[in-house]
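As structure tokens, the structure follows; a few thoughts come after it.
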Amino acid sequence: MAWGPVGLLLLAILDSAGLPVVGGVDALIIAFSSTHPEEAYLGAMCAIAGSLAGSLILFYIARKGGEVLLATHISKGTGKRLHRWFSRYGLVTVFIPALSPIPMPMKIPVFCAGALRVRVGYFAAVVLAARSIRYFALAYFGAKYGAYTFHYMKSHGALFGSAAAGLAVVAGVGVRLYQKHEASMYKVSG
């Protein structure tokens, strides 16, 4: 809190680069926004920039030596299941955990995106869109409801869950339509 927006930036970089800070960025955005409502959106922008930077760090690490590391992480359990989902749904598997305030594993989909050589622009756009929605919403609620933000969000959990699910469905449909368009363009040119 004492570092203000810079603290949000640094914490978001660390969290997205692979150091687990469960709920830390979200809680700090809310706390910062409730104590500094005039700077709430600046704090959200710093958290977005930090999250994008940290995700790109992990993405590029995976791109450099990702095939070998990916093979070790996807050989069993959750990693294997998330890799299967990534193969089927692509960047939606990054969008949903980046958007959802409910802790979801995001590192493996980010790693898959890097190791499987997803275009950097697509990846960055997905992270930027999801984190913008999430962090600006948290800044808004923190500035508006102050110390009661967590209580408000908890009491309206079904509404937030429905909104997140709706956005995920829209993103999934959008990705599927784009994939079909790309496939049809490839057939026409090939």
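For the range 108-137, the tally of residues that are touching a residue at least 40 places away in the same chain (Cβ under 8 Å), within 13 Å of the chain's Cα centre (by Cα) and farther than 17 Å from A49 by Cα stands at 2.
Evaluate the range 157-180: report whether one residue or more is over 20 Å from R88 (Cα atoms) and β-branched (V, I, T). No, the range 157-180 contains no residue that is over 20 Å from R88 (Cα atoms) and β-branched (V, I, T).
For (1) over 30 Å from T149 (Cα atoms); (2) modelled with pLDDT under 75, each residue gets a yes or a no:
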position	(1), (2)
F59	yes, no
G65	yes, no
F86	yes, yes
M106	no, no
V120	yes, no
A124	no, no
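Only a single item in (1) under 18 Å from M106 (Cβ atoms); (2) out of contact with any Phe, Trp or Tyr (no Cβ under 8 Å at 6 or more places or on another chain); (3) assigned to a helix (DSSP H, G or I) is not met by C46, and it is number (1).
Residue-level check: of (1) hydroxyl-bearing (S, T, Y); (2) surrounded by fewer than 22 Cβ atoms within 10 Å (Cβ to Cβ); (3) at pLDDT below 95, Y41 misses just (3).
The single condition among (1) buried (at least 16 other Cβ atoms within 10 Å of the Cβ); (2) at pLDDT 90 or above that A98 does not satisfy is (2).
The values are calculated or read from the model by the stated rules, or taken from the named source; none is laboratory data. Just so we're clear, the structure is a prediction, and the values are computed from it rather than from any experiment. Methodologically, a virtual Cβ is constructed for each residue, glycine included, from the backbone with ideal geometry; neighbour enumeration extends over all protein chains shown.
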